[in-house]
Amino acid sequence: MRIISNFSDYYDSIQGMGIDKECVYVRKIQEIPLIVKRDYKSFTREVPIGRYNTRCNYQTNHDSNYFIIGFCGEIYPIVQIDLYNKNEGLSYTRYSFFKKTWKKGEIRKLLNEKEDPKERRIFKTVEQEVSDFLHKQYKDWKEIFYTHKVPIFIAGRHMGCGKENCIELNGELKSLQFYKVKDPYTTYQDIYQFISGVLGLNAPKTVDISDSSKIIKHGFDKWTFRKMPQIKK
């Protein structure tokens, strides 16, 4: 598979191992609208896609970003938490959590749980929300692959960042740390097989030709299966 794109991703290097030149992936980012209904009353029960800011006190500050990655027919919910350094202003460290790599207790350990009961409750709530989001079913999102003929889409990446809420088609996976779920070789092979096999984007086009053209193409003429008339002497 040959990739044509104006940005690089973590699996691009696999092309150096040899490619099928007949299969081409034009990886151009496109955006389509995303409509999200938020219900804050039931937030802890069913976490919607979005970006949320939590401030426990002057020492603790983190943002939680809930969104999903569509990859080759499967849906991968992801939560990114930006943990700000209380001593360095806007400096922060970003962590990505997937269902496959999720470990119970990881969030509370990450957020430096204090002995303050109020803070413990907040961190416990965040951890439960992350767990609920990662284990929710997202089967309805799969139609995007086939409607828009893409192997990759990202829904909710730009929520709360000043951009219009959107679904990003053919988005970049490296910054989302998707390599925690799939290594470069597997990612490349999955995209190749999905494009050529499931979507059939590079299947050769067939052209209908008339029966008479088919006869000529195979070296026959109108007398091939007929007896030529005899000339009377």
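Amide hydrogen proximity for Ile167: with H placed 1.01 Å from N in the peptide plane, the residues at 5 or more positions away or on another chain lying under 5 Å are Ile32, Leu34.
Between amide H atoms placed 1.01 Å from N, distances below 5 Å from Val24 occur with Arg2, all of them 5 or more places distant or on a separate chain. Exposure proxy shown here: for Tyr84, Tyr192, the number of other Cβ atoms within 10 Å sets the order, fewest to most, as Tyr84, Tyr192. Using θ = phi - 60° in the Karplus curve 6.51 cos²θ - 1.76 cosθ + 1.60, the 3J(HN,Hα) couplings for region 74-81 round to 10, 10, 10, x, 9, 10, 10, 10 Hz; x is entered for Gly and Pro. Taking each of Lys109/Lys180; Lys100/Lys136; Lys28/Lys142; Lys28/Lys180; Lys100/Lys139; Lys136/Lys182 in turn, the alpha-carbon distance tops 22 angstrom for Lys28/Lys180.
Since every read-out is calculated from the coordinates, none of them should be taken as a lab result. Model, not experiment: these values are computed from the prediction. Cβ atoms come from the backbone with ideal geometry, glycine included; neighbour counts cover every protein chain shown.
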